[in-house]
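The next block holds one structure in the form of structure tokens; read it before the comments.
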Amino acid sequence: MNHKDLAIALLVVTVWGANFTVIRLGLDGIPPLLLASIRFLLAAFPAVFFIRRPAAGLGHVVAYGLTVGVGQFGCLFHAIAIGMPAGVASVALQSQVFFTFLFAAILLREQVRPRQVAGLVLSLAGLYLVGNLSGRTAAVSPAALLLTLAAAAFWGISNIVVRKAATAATACGRRLDMLSLVVWSALIPPVPLFLLSLVFESPATIASTLADLDGKSLFAVAYLAFGATLFGYGAWSSLLSRYPANRVAPLSLLVPVTGLIAARVVLAEHLTVTQWSGCLLVVAGLVVASFGIPLRKRLFPSTSG
């Protein structure tokens, strides 16, 4: 990867990591379900007029839009709204890796590898420490943590939808472009999210919110729709089209790192030493699950030749 593309990749993971902090800022002026609805509305329009439809069936587009838009981000925005720290959310959401392994094993009959189990154990221990469920004042509420894990589970399901859509496209001699899938599937979430907002956040709240949007709220909406969604997925898809996935994908492990840094700098979020240790364990679990630890080769190198 040349220096320019590496800089673009690092910018993307920084934008995605700071995304959690921007969500927290946006929620100061817009209720969570309404914020999610507006985010996807702006991600879809006017981009759908300029980006070709994805090489995916309508069922895959709808399923992706519902799992990501309504499931993942609906749960995530509400979790942050009720107290999940933005930095911690950026770490806990990465448990989607393990939900993807689980759903792939159940739905696609993929084999679960020992390194994935080992990584899961490490990350579960980390999430326990992050939650700090001992009852101290710095504890993350169980509801917020569970909602974040639900968001990760929906993300895991959406990854299975992408795999099935990509397989179907390949069978037809076509290639699935993730940016086009993201943009066109963004047409799906705004309506159900807005209806849920009407029910749980009330028409009066929606009306007053839209009438009193301030600069911070507008910035958050623009960042989430155009920065994190269109720029992020557009640049990432471009990198994946030009480099092997195993050279690009590992950089996404920096998202929780940049997420924690952004939350610390912008929001002055303070974590206990125990919670920092938990974050490190979660990231370590992701690394082990994704790449393994070649202990056999390191401890018992081959003596042949």
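Relative to the Cα centre, the charge distribution of the chain, modelled as +1 at Lys and Arg Cβ and -1 at Asp and Glu Cβ, gives a dipole magnitude of about 1200 debye. Just to be sure I understand the model, the point goes 7 Å from the Cα along the line to the Cβ. What's the resulting LEU218 to ALA268 distance in nm? Distance between label points: 2.7 nm. Summarising the label geometry, the points placed 7 Å from Cα in the beta-carbon direction at SER238 and ARG175 lie 1.5 nm from one another.
Can you bin region 71-161 into rounded, prolate or oblate? Criterion: square roots of the alpha carbon gyration tensor eigenvalues sorted a ≥ b ≥ c, rounded for a/c under 1.5, prolate for a/b above b/c, oblate for the rest. Taking the square roots of the gyration eigenvalues as a ≥ b ≥ c, region 71-161 is oblate. For region 205-292, the convex hull spanned by the alpha carbon atoms encloses 145 Å³ per residue.
With the convex hull of the Cα atoms taken as the outline of region 149-283, the averaged projected area works out to 11.3 nm². State the label only: which of (1) 31, 26, 18; (2) 36, 26, 14; (3) 51, 21, 17 corresponds to semi-axes √(5λ) of the Cα gyration tensor in Å computed from the shown model? The listed entry that was calculated here is (1). Quickly work out the LYS4-to-ALA105 label distance, labels modelled 7 Å from Cα along the C-beta direction, and quote it in nm with one decimal. Between ALA105 and LYS4, the label points sit 4.4 nm apart. Among rounded, prolate and oblate, which fits region 13-167 when a ≥ b ≥ c are the square roots of the eigenvalues of its C-alpha gyration tensor, a/c under 1.5 means rounded, and a/b larger than b/c means prolate? Judged from the Cα gyration tensor, region 13-167 comes out oblate (a/c at least 1.5, b/c at or above a/b). In summary, the helical segments of the chain meeting the span-like criteria, namely a full DSSP H run, a Cα extent along the axis of 30 angstrom or more and a mean Kyte-Doolittle hydropathy of at least 1.0, are 3-26, 142-171. Sorted on the mean count of surrounding Cβ atoms within 10 Å across their residues, most packed first, peptides 30-37, 66-73 read 30-37, 66-73.
Comparing mean-square fluctuations of SER197, SER241, SER141 from a GNM of the chain with C-alpha springs under 10 Å, the top value falls on SER241. Highest GNM mean-square fluctuation among VAL91, VAL140, VAL266, for the chain modelled with Cα contacts below 10 Å: VAL266. When peptides 119-128, 202-211, 13-22 are sorted by average Cβ neighbour count within 10 Å, with the highest value leading, the order is 13-22, 119-128, 202-211.
When the Cα positions of HIS3, VAL255, ALA150 are compared along the charge dipole of the chain, HIS3 comes out farthest toward the positive end, with charges on each C-beta of Lys, Arg, Asp and Glu. Which of rounded, prolate or oblate describes region 81-230 when judged by the alpha-carbon gyration tensor and an a/c cut-off of 1.5? Here region 81-230 falls in the oblate category. Between LEU254, LEU108, LEU230, the GNM of the chain built on Cα springs shorter than 10 angstrom shows LEU108 fluctuating the most.
Rule-based calculations on the coordinates, nothing more; no lab input. None of the values given here were measured: they were computed from a predicted structure. Here Cβ is always computed from backbone atoms with ideal geometry, including for glycine, and neighbour counts include all displayed protein chains.
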